[in-house]
Amino acid sequence: MNTGFKLLLANIFFVFVNTISAQNNRDAAFENRLQSMTLEEKVGQMSQIDLGVLAVGKICEVADPIRLDTAKLRLAFQRYKVGSVLNCGCGFHALSRNRWLGIIDSIQQANSLYSKHEIPVLYGIDAIHGANYTLGSTLFPQQIGQAATWNPELVKAAARITAYETRASGIPWNFSPVLDIGRQPLWSRFFETYGEDVCLAKKMTNACITGYQGNTFGNEQVAACMKHFLGYSYPLSGKDRTPVWIGERELRAYFLPTFQEAIRLKAKTLMINSGELNGIPVHASYPILTTLLREELGFEGVAVTDWEDVYKLHTTHKVAETLRDAVKIAVMAGIDMSMTPNDFQFNELLLDLVKSGEIPESRLDMSVRRILKLKSDLVLEGKTTLPSQADYPLFGSDSFARVAYDAVAESITLLKNEGDVLPLSPGSKVWVMGNASNSLNYLNGAWSQTWLGQDARFNEPGKMTILQALQAGYGKENITEVNPQYVLKNQRKPKLLPGAVVYCLGETPATEIPGNINDLSITISEEDRKALESLKARKVPVVLVLLLGRPRIITDLDKLSRAVVHAYIPGQEGAKPLADLLYGKINPSGRLPFTYPRSSGDIVHYDRKRTEDNDINFGSSGYNPLYDFGHGISYTQFDYRGLNVRPENDTFVIQVLVRNTGNREGKEVVQVYYRDEYAPVTPSQKKLCAFAKVNLKPGQDTVVTFKVPFFDVGDIGADMKPFKASGTIVFRAGQQTVTLNHKP
Ligand code: BGC
């Protein structure tokens with residue numbers, strides 16, 4: 001062994017021993033602290049209250065501007081030793097960064113003054129698509145739009161900026177991302193997901209967690225909170241927080257992988273599903289919260305409940321006869337922290353349960369240890385000063401807005417473009433119509449300045465609506481907002497008719513509302529419809545722009561339109577890239593992260609089983625979506641050649657040549673699907689196993705190579721364990737297919 005190598009080994013050993021001893025010291029410090037804590041303090045660390053509880057005014061009716069109430073601070077931190085606070089108050093709105101810093105500072109000061117134990121308060125917030133509760137922050141597309149970019153690098157960049165701007169507001173814990181799979185479009189929170197596919201959602205999970213938490217922990221990262229564990233997104237009725245039935249095999253195959261990925265990446269916290277899964281409220285489920293989460297998946301972070309969910313075991317789910325029973329059930333099932341959040345009954349009841357011996361103190365120790373570690377990781381300990389505005393010079397900067405622009409640009413999905421109506425020709429006359437054409441709220445959706453994102457009073461000044469962006473970029477003299485009456489009145493005057501009509505259709509911003517989407521079909525007013533019909537009859541091309549967080553049934557409108565553009569819920573930076581895409585400055589490269597159904601009663605996912613292909617004539621053309629999962633067109637064309645798949649060391653090495661055969665530069669999402677012809681579990685007709693986004697100049701080509709582990713081409717068996725596909729497997733990329741006879 002040469003000396004250099006010996007030195008290297010010695011160094012590695014030194015770092016290893018140091019790391020171990022630093023870890024041991026840290027563990028010992030937590031243990032010492034735990035031993036010195038009173039029972040009241042431990043209970044306090046396990047509780048989280050809403051900011052409204054500390055503010056002047058009543059719950060959900062706090063004074064505006066918000067002010068903290070000294071008596072309430074004293075009650076929370078002196079008497080109840082509360083360890084965590086969340087959000088910006090029920091019924092409340094975004095605050096300036098300065099105001100946030102002031103609030104967090106006052107909370108920490110009150111805590112150290114009154115509680116005496118010197119454990120800092122942990123503040124958590126829903127920064128769902130940017131630091132959406134801080135004025136002046138950068139907002140990105142909602143998660144469904146981020147998924148439509150099929151570009152994990154952009155998702156990671158957006159998460160990094162969100163973390164930076166959340167930290168810049170003094171807040172280190174973000175209740176994001178939503179890792180629930182979006183397979184029920186009637187569910188009000190579909191737009192908060194990464195869509196229906198496990199492979200795509202897993203890649204986005206990886207990007208987001210890495211973006212929030214970074215490689216090292218410090219002042220520019222936040223603790224991620226994966227939510228909502230487990231099975232929240234698939235209510236049978238579509239209504240939020242109503243019964244979900246998912247068999248264990250399907251849970252493991254579709255709903256668990258994103259969480260597994262986040263846990264592998266050491267996501268620091270997790271929020272529990274508010275609803276019931278197979279008849280058991282998840283907050284009461286030891287098998288989910290302890291056996292699966294801790295013992296099997298090895299999650300070491302903090303599991304926080306969702307809003308009021310401990311009490312709801314008694315008040316709503318009716319599995320606990322009293323609130324006291326509810327607290328006992330939830331704590332013994334495995335929660336670490338209760339988002340109580342509007343009173344202190346949780347604290348009183350938990351204290352009593354431990355004092356009476358019904359819950360062992362060692363159970364609390366387990367949770368408090370995790371909470372102390374989280375606080376220490378977040379560099380809260382020993383930090384007396386909050387950042388100043390100057391510590392985060394890039395907050396709300398143009399460079400951040402540019403990333404939001406790129407994220408929107410790469411998310412927008414061109415679904416159809418008959419006769420190349422798009423891009424529009426600069427200088428031609430364009431009419432703009434539709435409910436979403438001149439509104440920031442439709443661009444932003446929920447979790448934007450307010451919870452539901454509906455109140456225009458709190459919109460960020462200076463941000464453009466679609467109409468404004470079109471006019472600013474392509475001439476006020478060319479772009480006119482019209483209403484259907486105007487269209488109907490002037491339809492017989494050919495000289496007045498424009499070169500195209502842009503019709504912007506949006507979905508009322510909302511989230512968490514049980515059953516706000518009772519009908520997947522989306523209707524427009526009779527007058528609007530008549531106007532569109534008349535325009536079609538006069539051969540004026542209609543460009544339908546969808547600002548929807550899910551597939552709504554648009555089949556009729558699709559027929560009236562020559563081009564259809566899905567913009568999802570792009571956020572307040574969304575109008576400019578949309579305008580630039582309509583005019584061809586941006587070549588569309590978004591792809592659908594969900595299957596677009598043709599009719600409400602026909603919700604079938606692309607990775608369907610063979611039986612779902614059966615049609616009414618006993619043929620096999622039953623799968624008939626309006627637009628397929630992964631669909632999206634470009635202003636250029638791509639050609640695929642030479643797909644090759646070979647097994648190598650437990651992976652499939654997949655290669656394919658992609659060429660830009662059109663005359664514009666553009667980005668293509670190379671998608672690789674497989675079908676296991678025969679398997680112990682009914683195989684999917686088609687399943688995504690790899691993808692990559694490539695940029696190609698006209699005439700340029702590239703060979704894209706993927707290495708896909710065997711286990712990513714397989715399923716979960718009847719024994720609940722993953723198995724690898726074997727026998728005949730068909731791989732597809734573009735129009736190319738390769739059939740392999742594979743014996744792993
Ligand atoms: C939602 C969570 C959210 C929490 C805090 C709940 O109602 O389900 O997603 O993080 O409120 O705002």
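Think of each Lys and Arg Cβ as +1 and each Asp and Glu Cβ as -1; about the Cα centre, that makes the dipole of the chain roughly 1520 debye. Looking at the chain, the accessible area is 39 square angstrom per residue; that uses a 1.4 Å probe and ignores ligands, DNA and RNA. Lysine pair count for region 182-298 with Cα-Cα distance under 15 Å and sequence separation of 8 or more or different chains is 4.
Legend note: in the chain, cysteines whose Cβ sits 4.7 Å or more from every other cysteine Cβ are C88, C199, C208, C225, C504, C689.
Considering every alpha-carbon pair of region 636-742, the percent of pairs per 5 Å bin, from zero through the bin containing the longest distance, is 2, 13, 22, 22, 15, 11, 8, 5, 2, 1, 0.
Of all DSSP bridge pairs formed entirely within the chain, close to 60 percent run antiparallel.
The count of lysine pairs in region 636-742 whose Cα atoms are under 22 Å apart, excluding pairs fewer than 8 places apart on the same chain, comes to 11. Modelled spin labels at D719 and Q389, positioned 7 Å past Cα toward Cβ, are 6.3 nm from each other.
Qualifying trypsin sites (Lys or Arg not before Pro) in region 536-624, where qualification requires a DSSP coil assignment and no more than 10 other C-beta atoms within 10 Å, comprise K539. Starting from the Cα gyration tensor of region 565-664, take the square roots of the eigenvalues, sort them a ≥ b ≥ c, and report rounded, prolate or oblate (rounded when a/c is under 1.5, otherwise prolate if a/b is larger than b/c, else oblate). Here region 565-664 falls in the oblate category.
Remark: spin-label model distance S525-W245 equals 4.3 nm, labels positioned 7 Å along the Cα→Cβ axis. If you take all other residues with their beta carbon under 13 Å from the beta carbon of K116, and give Lys and Arg +1 and Asp and Glu -1, the sum is 0.
A simple spin-label model places the labels of A63 and T315 2.6 nm from each other, with each point 7 Å out along Cα-to-Cβ.
Sort the following peptides by mean Cβ neighbour count (other Cβ atoms within 10 Å, averaged over residues), highest first: 496-504, 733-741, 76-84.
Highest mean packing first, the order is 76-84, 496-504, 733-741.
Under 5 Å from the amide H of G453 lie the amide H atoms of W447, S448, each residue being 5 or more positions distant or on a separate chain, with H modelled from the backbone and absent for Pro and chain starts. Using C-alpha pairs under 8 Å with a sequence gap of at least 6, the mean separation divided by the residue count of the chain gives a relative contact order of 12 percent.
For K42, the lysines whose Cα comes closer than 18 Å to its Cα, not counting residues fewer than 8 places off in the same chain, are K81, K116, K328, K355, K373, K375. Here's the picture: a label point sits 7 Å out from the Cα of F458 along the beta-carbon direction, and within region 403-443 the residues with their amide nitrogen under 20 Å of it are 439-443.
Sorted from longest to shortest, the spans of the Cα atoms of the chain along the three principal axes equal 81, 65, 61 Å.
The fraction of accessible area contributed by carbon and sulfur in the chain is 52 percent, rounded to a whole number (1.4 Å probe; ligands and nucleic acids excluded). Stretching S106 away from E533 to a fully extended chain increases their span by 147.8 nm, per 0.36 nm per residue minus the current alpha-carbon distance.
The values are calculated or read from the model by the stated rules, or taken from the named source; none is laboratory data. This one's a predicted model, so the numbers in the text were calculated from it and none came from an experiment. Here the Cβ is made from the backbone with ideal geometry for all residues, glycine too, and neighbour counts use every protein chain on show. Quick note on the areas: whole protein, heavy atoms, side chains included, nothing else; ligands and nucleic acids left out. Shrake-Rupley method; radii C 1.70, N 1.55, O 1.52, S 1.80 Å.
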